[in-house]
Amino acid sequence: MATPELPAFYRLLSHEQIDSTNEEAKRLAAAGAAAGTLVWAAEQTAGRGRRGRGWSSPPGNLYVSLLLRPACAPAQACQLNFVAAVALAEAVSALLPAGAEVALKWPNDVLVRGAKVSGILLEASAALDRSIDWLVVGAGVNIASHPADTPYPATSLRREGAPDATAAGVLRAFAESFLAWYETWCAQGFPPVRARWLALARGLGEPIEVRLERETLRGRFGDLDESGALMLDMGDGARRPITTGDLFFPRL
Ligand code: BTN
C-alpha cells in the first residue's frame with residue numbers, strides 16, 4: 001500500500017489484511033497506545049458496522065480507525081461522530097468533481113446523490129470516574145466498489161466521478177480534514193461542528209422515518225440538539241429526541 005503523508009499528530013499502522021481496524025485500535029488502546037494511533041487495512045475479514053451489522057470490506061476501499069483520548073465525558077465524546085462525519089464529507093467533496101451532491105445523513109453517513117458512500121463506527125470506553133479512557137473512530141469509504149445488498153442505496157467514489165481515487169488519497173484527505181475539525185471541537189466545543197453538520201445535512205425540516213429496535217417513528221427532521229440527538233417533530237407540537245436508530249427518507 002502506498003503510504004500517505006499525514007500530519008504529525010498521526011502514527012499510521014498499515015495492514016494488508018486484518019479482522020477489523022476498530023478491533024485492532026481497541027486492542028492497541030487497551031495496551032496503552034497513544035492518541036493519534038491510526039490503524040489502516042487494505043482489507044477486513046470481520047468488518048463491523050453500526051448496530052451490530054457487518055461491513056463488507058473487500059480490497060479497494062478505505063478501512064481506517066483512529067484512537068483518541070479526549071479529556072471529556074462520554075456525552076461530549078459522542079459529538080465526535082459529527083466531527084468525523086463533517087471531515088469525511090469534506091474529504092469526499094474534495095475528491096469528487098466540483099458540484100457533486102454530497103450530504104450527511106444522521107448520525108454520520110456520507111451520501112453522494114442520496115446513496116451511502118461512507119459510514120462511521122464510534123466505540124469508547126470510560127474510566128471509573130466516567131471520563132473517557134479511549135475512543136475509536138472507525139471509518140469505511142466505498143472507493144472502488146459498494147455492497148449491493150443494503151437496506152439503503154449505496155455507491156462508491158469511482159462510480160460518482162472520481163476514477164483515480166485511492167485509499168491512500170482518501171485517507172490523507174480525511175486525516176487532514178479530521179484533524180482541523182478535531183482541533184476546532186477541542187477549542188470551541190460542539191457549536192461550530194453542529195452548524196457545519198446541519199449545513200450539510202439531508203432532510204432538515206422534511207418528513208423522515210426513524211427505525212428503532214422495536215418501532216418505526218414518522219415525523220419531520222426538526223433539528224440536531226447539543227448532545228447530537230435528532231429532534232423528531234411529531235406533528236402535534238411534540239418533539240422527540242432520537243439517540244439511536246436508522247433514518248430513512250420516505251418517497252413522497
Ligand atoms: C456503518 O454501519 O455505517 C458504520 C460502518 C463503519 C465501518 C468501518 S470500516 C473501518 C472500521 N472497522 C470496522 O470494523 N468498522 C469500521
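Where a number appears in this text, it was derived from the coordinates with a stated rule and is not lab data. Because the structure is predicted, anything quoted here is derived from the model rather than measured. Neighbour counts are summed over all protein chains in view; Cβ atoms, including those assigned to glycine, are modelled from backbone coordinates with ideal geometry.
Here are the numbers for this structure:
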| item | result |
| --- | --- |
| Projected label distance in nm at residue 9 and residue 45, using a 7 Å step from Cα toward the beta-carbon | 3.3 |
| Estimated dipole of the chain in Debye, rounded to 20 [Cβ of Lys and Arg +1, of Asp and Glu -1, Cα centre] | 340 |
| Check: region 1-150 dipole with +1 on Lys, Arg Cβ and -1 on Asp, Glu Cβ, in debye | 340 |
| Cα pair distances of the chain binned at 10 Å [whole percent] | 7, 32, 38, 20, 3, 0 |
| FRET E, pair residue 236, residue 204, Förster distance 22 Å, beta-carbon r, rounded to 0.05 | 0.65 |
| Expected 222 nm ellipticity per residue - DSSP helices of 4 or more, -39500 (n - 2.57), all of the chain, to 500 | -7500 deg cm²/dmol |
| Dipole of the chain, positive end: most advanced residue of 28, 128, 13 [Cβ charges, Cα centre] | 128 |
| Calculated FRET efficiency for the pair residue 243/residue 148, C-beta based, R₀ 22 Å, to 0.05 | 0.15 |
| Beta bridges by DSSP in the chain, antiparallel share as percent, to the nearest 5 | 85 |
| Relative contact order computed over the chain (Cα-Cα under 8 Å; 6+ residues apart), in percent | 17 |
| Cα lying deepest toward the dipole's positive end in the chain, options 83, 219, 165, charges on Cβ | 219 |
| Unit Cα scatterers, Debye sum, region 30-151: log10 I(q)/I(0) for q = 0.11, 0.21 Å⁻¹ | -0.39, -1.27 |
| Spin-label model distance (nm) - residue 2 vs residue 180, 7 Å beyond Cα toward Cβ | 2.1 |
| Cβ-Cβ FRET estimate between residue 69 and residue 100, R0 fixed at 45 Å, reported to 0.05 | 0.85 |
| Order of 116, 26 under a 10 Å beta carbon neighbour criterion, fewest first | 116, 26 |
